[in-house]
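What follows is a single structure, written as structure tokens, with notes after it.
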Amino acid sequence: MGKPKSDFIKKKRKREQIDFLSITLNSIGDGVIVTDKKGKIIKINKVAQNIARFSQKKAKRSHISEVFKMINSKTGKIIKNPLKKIIREGKHLNLANDIKLITKTKQEDYIVDIAANIKDEAGEICGIVFVLRNVKEKCKMRQEIKNKSELFTNAVEESPFSIMLHNDNGEVLKVNQTWQELTGYSEAELPTIDKWLEKAYGKNLDNKDLKEVYNNIKNVSSGEFKISTKKNEQIIWDIKNAYLGLDEDDNKLFISMAVDVTEKKQLDKKIEIFNRIYQSLSSINQLIVNENSLDRLLKKAVQIMTNVAKYDTAWIAELSDNKELLNVKALAGYQCSFLNERKVKLNYGKDDLNIYKNAILKEEAVIIDVDTEKELKGKNCGSTGIFVLKVFDKIWGLLVFCSQEENRFDDKEYALLEELTTDISFGIEKIISNSKQKEYEAKLTKSEKEYRQLVQESPIGIYKTNFSGKVLFINSAIVNMLGFNNAEDLYVHYKDDLKNNFYVNPNKRREFLNRLQQNGVIKGFVCQVYDKNNNIKWIENNARISSEKQEGSTVIEGFISDITERKKRQEKIAYLSLHDDLTGLYNRSYLEDMMKRIDTKRNLPISIIMVDINNFKIINDTYSHSKGDELLKKTAELLNDLCRQEDVVARWGGDEFVILLPDTSLEQSETIIERINVKSTFVYKDIPISLALGAATKTEDEEDLIELLNTAEDRMYTNKLAKRSGGRSMVVSSFLNTLKEKSHETEEHVNRMSIIAEKFAKRLNLSKEKIDRLALLSLLHDIGKVSVPEKILNKVEKLTDEEWEIIKSHPEAGYRILVSIPKFSHIAKDVLYHHERWDGSGYPEGLKGKKTPLLSRVLTIIDSYDVMVSGRPYKKAMSQSEALAEIKRCSGTQFDPELAQEFIKMLS
């Protein structure tokens, strides 16, 4: 008998049910596979065929396991009998979430699916329906997010700045290596912000600003604070805090970055100290010129050293004849207990007191940086400087400086204090000389013989002349001062004509005689004279008209001191206070003072020109700061030559200059700008140089010159911006031309690389943007070689270690050039890393694997291939097959293995 009609109807309805279900699910746009309950495929739609790489024809009546296998992406194990779970549970969502499908073609895809039973009218399972969705792109996106997160973590870890990541609960999430090295604390020792504050800031924890910086309260995001390292060293750093966003638990995330500014603070402090000492030098020089009392000289000198130079204590003591006692003549500032009696004995048993005796015995300065005997010195004596005062080449006493700061005296400060000690020694010598002068005058009235003896032995220059200029008498001090062997030679040399033979300016002789006739005496007459070899010396002349007469003529008698060294020091100090020591132009202080002086109605109109050097930073970055200094000096010379004599040219700061033009209209200043523009465009060290200029003019008395300067600066920056784009492109063109001249194969090398690069980029299916970047990279990748000497680039012999290091610097030089030019900055990092290697042994940073940017990895293959097939002065060219074999050999060490395989396939 045949089967019952009801069975036939049931089967027909099942088929209709399955057909209807598959047609319905097919319309939703996902992959649909329908099987019977044993897994045999009944229906598979187009989307599912594409996902499974299995056609309808092949799939018909095949088992689902023959179409693809399911593998757990985490464990890597094949999932067995997934159908049992579906049949048992009836329906399962995301059965294969995070599961890979491996098709017959070995292709792997991530999928998400919905699987459910198909039941007949009786509720029996008659089949299974699978709905598949390819989520490969989403998984790739998730992996990219993970990679970026790792990249950010790596950037934090490798940063040269100290970086801490933390949340608003006070939990420290990350402390990079720089932070750990600077502070000495490991990441494990800093679990929380509170623990960090306790270790680094200690007693400063009550500082509210400090906590606000870390917690970003009241928008406080930065500040400078002193911290203690694990080694208990005190450093100052500038900390900046920024809000990053919320983490997955809705905690606020912050990044804190700190920069060690200790050295900068110390340098600023030293500059302040040196300025104060320079002021002290100037004040004491004026004091020496005007003061004739030894007590007042010494007291005022130590007051200047405490009030102006800001030493905590300064004192001057005279050494006793037996050299066993220091008599304190002047004291200022904090008074140490051992100075109460104003006497310091040098024969104490305590070693520290011997520091004064040591200075006297050695006849040189002694510096004590750390106080070891607290009872011996006061609280302000962390550092002590003891300097020897010499008068007439003999030790007169000591000049002592004390500071509560330890390690205060460096070489620069030591040299300045040595100079100051010499000045005070000279002042003591001068006053003693004046005192001795009176003693000599008294003795002259008693005995001519005694007078002659005293005069000849005197360390002070003593003379007699008449009004006609005839030399009547000189002592040995003058003979030696003027470079003669004896007095007779001196008489012959000047030939009774002091006016023309002795004085540099003959009018000074006339002035000297006129003042002497009017007053009968003259003090502190300073002038320049010629010595035996016609060298110019500065002297100070003190004289009077004598009561005696010789040969019927009035006699002048006086005392001469050689003050040449003192004048040189004064002139040096005066010059440095007004001029820029690099360019020799006037400095900013002088210009500001001059602006005040000429700001009068009679000088109107007054114009100001602000000048700035275009491309100056590129010179510094590419060729070093010494070359930048050469450019500054060249620019200063140019401006000086092109400006008028009455104009004031000054260096304003950095690469900026200011020209002050009194009685000059705006039209006249623009004419000067045109003249400067014509002369100031030139090529310096292969870089086109030009100046940005801006002018402004004051025409009304009530206008402010400072505002005028700001206007000139604004116009200068407008001019600079107008020139920048073209100028920066010219820089790159200039570099490329220079590189072409240095290395004859560069242009051909670039052309060949460009052709291969375009072909390889298309094979790799790179985007249009990346193809364009790769083309530009091919052109500019070796631009940093402009800083490499030509003889090294074209050297046939093996490079020395030093020459190889110079060659290896060219990626960084190229990076600095391109990053400063907006038009090319997007390929700067690709240039920087184009000599990195897959195994991490490349340069400049030793990046490994895919940490090197993709285009840099592509370029290094193209570059290496072209070098091999075209050859170099030091290496013979290879054939194409030899070059490709070498690339294969270096795959996985020098080259990205996947890219190397594609490159070999492309050219094979």
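The values are calculated or read from the model by the stated rules, or taken from the named source; none is laboratory data. Remember, it's a predicted structure, so these values are computed and weren't measured experimentally. Neighbour counts are summed over all protein chains in view; Cβ atoms, including those assigned to glycine, are modelled from backbone coordinates with ideal geometry.
Mind checking whether some residue in region 544-551 is within 21 Å of Asn290 (Cα to Cα) and out of contact with any Phe, Trp or Tyr (no Cβ under 8 Å at 6 or more places or on another chain)? Within region 544-551 (the criterion being within 21 Å of Asn290 (Cα to Cα) and out of contact with any Phe, Trp or Tyr (no Cβ under 8 Å at 6 or more places or on another chain)), the answer is yes, since at least one residue qualifies.
Per the listing Ile41, Ile9, Ile18, the residue uniquely modelled with pLDDT under 80, closer than 25 Å to Lys85 by Cα and of a type in the set (Val, Ile, Thr) is Ile18. For region 337-385, the tally of residues that are surrounded by 18 or more Cβ atoms within 10 Å (Cβ to Cβ), modelled with pLDDT of 65 or more and small (Gly, Ala, Ser) stands at 4.
Taking first residues from region 606-620 that are at positive phi and partners that are of a type in the set (Lys, Arg), the Cβ contacts under 8 Å between residues at least 6 apart in sequence or on separate chains come to Asn615/Arg728. Given the structure, is Ile817 in contact (Cβ under 8 Å) with a residue 40 or more places away in the chain and either outside the structural domain of Arg763 (by TED's automatic domain parsing) or out of contact with any Leu (no Cβ under 6 Å at 6 or more places or on another chain) (or both)? Considered against the rule, which asks whether it is in contact (Cβ under 8 Å) with a residue 40 or more places away in the chain and either outside the structural domain of Arg763 (by TED's automatic domain parsing) or out of contact with any Leu (no Cβ under 6 Å at 6 or more places or on another chain) (or both), Ile817 comes out as yes.
Give the number of residues within region 511-542 that are in a strand (DSSP E or B) and within 58 Å of the chain's Cα centre (by Cα). Final tally of qualifying residues: 16. What do you reckon, is Ser879 farther than 30 Å from Lys617 by Cα, over 29 Å from the mean Cα position of the chain (by Cα) and at pLDDT below 90? No; evaluated as a whole, the condition is false for this residue. Each residue in region 784-815 was checked for being loosely packed, with under 13 Cβ neighbours inside 10 Å and closer than 22 Å to Asp830 by Cα, and 2 of them qualify. Pairs are defined by a Cβ separation below 6 Å, a sequence spacing of at least 6 or placement on different chains, a first member in region 504-531 that is free of Cβ contacts under 8 Å to residues at least 24 places away in the same chain, and a second member that is loosely packed, with under 14 Cβ neighbours inside 10 Å and assigned to a helix (DSSP H, G or I); the pairs so defined are Pro506/Asn500. Restricting attention to region 284-314 and to residues that are more than 15 Å from Val400 (Cα to Cα), among the aliphatic types (A, V, I, L, M) and outside any loop (DSSP other than H, G, I, E, B), the residue that is nearest to the chain's Cα centre (by Cα) turns out to be Ile284.
Note on region 158-194: among residues that are of a type in the set (A, V, I, L, M, F, W, C) and in a helix (DSSP H, G or I), the one that is farthest from Ile236 (Cα to Cα) is Ala188. Per this entry, Asp238 is not counted among residues that are assigned to a helix (DSSP H, G or I), among the acidic types (Asp, Glu) and at pLDDT below 80. Pairs linking a residue in region 320-340 that is not assigned by TED's automatic domain parsing to the domain that holds Ile304 to a residue that is charged (D, E, K, R) and surrounded by 15 or more Cβ atoms within 10 Å (Cβ to Cβ), with Cβ atoms under 6 Å and 6 or more positions apart or on different chains, do not occur. In the list Gly654, Gly584, which residue meets the criterion of being more than 30 Å from Glu702 (Cβ to Cβ) and touching a residue at least 40 places away in the same chain (Cβ under 8 Å)? From the options Gly654, Gly584, the qualifying one is Gly584. Does region 102-118 include one or more residues that are among the aromatic types (Phe, Trp, Tyr), at pLDDT below 65 and either in contact with an Asp or Glu (Cβ under 9 Å, 6 or more places away or on another chain) or not assigned by TED's automatic domain parsing to the domain that holds Val129 (or both)? Checking region 102-118: at least one residue is among the aromatic types (Phe, Trp, Tyr), at pLDDT below 65 and either in contact with an Asp or Glu (Cβ under 9 Å, 6 or more places away or on another chain) or not assigned by TED's automatic domain parsing to the domain that holds Val129 (or both). Out of all the residues in region 256-263, is one or more out of contact with any strand residue (DSSP E or B) (no Cβ under 8 Å at 6 or more places or on another chain), modelled with pLDDT under 85 and within 30 Å of Ile163 (Cβ to Cβ)? Yes.
Rundown of residues vs (1) at pLDDT 85 or above; (2) in a helix (DSSP H, G or I); (3) not assigned by TED's automatic domain parsing to the domain that holds Ser891, yes/no style:
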| position | (1), (2), (3) |
| --- | --- |
| Arg773 | no, yes, no |
| Leu779 | no, yes, no |
| Ile792 | no, yes, no |
| Val796 | no, no, no |
| Lys829 | yes, yes, no |
| His834 | yes, no, no |
| Tyr843 | yes, no, no |
